[in-house]
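Taking it in order: structure first as structure tokens, then the write-up.
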Amino acid sequence: MKNISFLIITMLLLSCRSVKPPKLIFYQDIKHEELSKSEPKVSASIYIIQNYSSSVRIEKMIDSLAYAIGNGKQDNQYILQLYKESSKTNLINLKKNPRDLDRYSDVQDHLFDYVWYNKKFIGKQKFRNGQIISDKNVKLSPPPKEK
């Protein structure tokens, strides 16, 4: 009986532990130069997510952070690409080995793309193993106000 009680208490304590919120770390901007006045201005940004874990709560936090980044962009089309931090997808390694982003991270660590067109959010794509697993229009909202 004591072992069962200890197990239940341990499980409850572990389930109540606090989770670090995700943090988006800027990696690079990609600008596509306008070919002419009629061509749309397109840009993208790449961020690395620290403290990522796969949960609905964390994904909603990431959605709010994405909103804060992409909502004020002035380009006709803006893409925000998010990668989870790993041993290869981190600022130190990518500075030494920038090609790892294409060779490794695109397949292993690419999680989300958020797309704005004419300054309006149009959709989010979710990736796993380099493939789109969800392509839907979600509602993004601003991050909650800090008290």
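The values are calculated or read from the model by the stated rules, or taken from the named source; none is laboratory data. Treat the numbers as computed from the prediction; the structure is a model and nothing was measured. Positions of Cβ are backbone-derived with ideal geometry, glycine not excepted, and every protein chain shown enters the neighbour counts. Side chains are part of the model used for accessible areas, which takes the heavy atoms of the whole protein and leaves out ligands, DNA and RNA. Shrake-Rupley method; radii C 1.70, N 1.55, O 1.52, S 1.80 Å.
Structure above, values below:
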| read-out | value |
| --- | --- |
| For region 24-130, alpha-carbon Rg over 2.2 N^0.38 Å | 1.09 |
| Cα-projected label distance for residue 122 with residue 87, points at 7 Å along beta-carbon direction, nm | 4.0 |
| Under-5 Å amide H pairs with residue 111, H placed in peptide plane, nonlocal only | 82, 83, 84 |
| Cα extents of region 41-81 along the three principal axes, largest first (Å) | 34, 15, 11 |
| Region 70-128, accessible area per residue, ligands and nucleic acids excluded (1.4 Å, Å²) | 56 |
